[in-house]
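Written out below as structure tokens is the structure these notes cover.
The values are calculated or read from the model by the stated rules, or taken from the named source; none is laboratory data. It should be emphasised that the depicted structure is a prediction, and the values quoted were computed from it without experimental measurement. Here Cβ is always computed from backbone atoms with ideal geometry, including for glycine, and neighbour counts include all displayed protein chains. We work out accessible area using only protein heavy atoms, side chains counted, and drop any ligands, DNA or RNA first. Shrake-Rupley method; radii C 1.70, N 1.55, O 1.52, S 1.80 Å.
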Amino acid sequence: QVQVVESGGGLVQPGGSLRLSCAASGSFFNIYTMGWYRQAPGKQREMVATITRGGTINYADSVKGRFTISRDNAKNTVYLQMNSLKPEDTAVYYCNSPTSSGSFTADWGRGTQVTVSS
């Protein structure tokens, strides 16, 4: 089974913070790199941050210094701490596992909506 469940989104004012969680199946989480992705209205889905099982991290330039990705391998959970949120961060946020060929292991699910607005 390959499945993820995202949670933690909501409505927040500019400058505020949210913490997203992604719960993954055990075999899926423990073997593969995990990532957060987002899709804003009228835009394609983009990578936000990725983290390998060993903790190697990559961020999109637009979130570097504001967002922090982490994972708890024992709990099969990956997190995205989002600080200093901006209206342009508004999007549906998804988690998934990228493959070596640039596709993704899991089907895209519902994601979790993040709305940054005053």
So Asp107 fits all but one of (1) of a type in the set (D, E, K, R); (2) open to solvent by 30 Å² or more (accessible area, probe 1.4 Å); (3) within 14 Å of the chain's Cα centre (by Cα); what number is the exception?
-> (3)
Any idea how many residues of segment 68-105 are over 20 Å from Gly16 (Cα atoms), assigned to a loop (DSSP other than H, G, I, E, B) and out of contact with any Phe, Trp or Tyr (no Cβ under 9 Å at 6 or more places or on another chain)?
-> 4
If you take the residues in segment 18-29 that are open to solvent by less than 20 Å² (accessible area, probe 1.4 Å), out of contact with any helix residue (DSSP H, G or I) (no Cβ under 8 Å at 6 or more places or on another chain) and not in a strand (DSSP E or B), which one is modelled with the lowest pLDDT?
-> Phe28
Scanning segment 4-17 for residues that are modelled with pLDDT of 95 or more and under 12 Å from the mean Cα position of the chain (by Cα), which turns out surrounded by the fewest Cβ atoms within 10 Å (Cβ to Cβ)?
-> Ser7
Might you let me know whether segment 30-49 holds any residue that is more than 14 Å from Val114 (Cβ to Cβ), part of a helix (DSSP H, G or I) and not basic (Lys, Arg)?
-> yes
Report yes if some residue within segment 51-67 is without any contact (Cβ under 8 Å) to a residue 12 or more places away in the chain, acidic (Asp, Glu) and either part of a loop (DSSP other than H, G, I, E, B) or farther than 18 Å from Ala24 by Cα (or both); otherwise report no.
-> yes
Could you say which residue among Thr77, Thr33, Thr50 is modelled with pLDDT under 95, β-branched (Val, Ile, Thr) and out of contact with any Cys (no Cβ under 9 Å at 6 or more places or on another chain)?
-> Thr33
Which condition number in (1) in contact with a Lys or Arg (Cβ under 8 Å, 6 or more places away or on another chain); (2) free of Cβ contacts under 8 Å to residues at least 24 places away in the same chain; (3) closer than 14 Å to Tyr94 by Cα is the one that Gln44 fails?
-> (1)
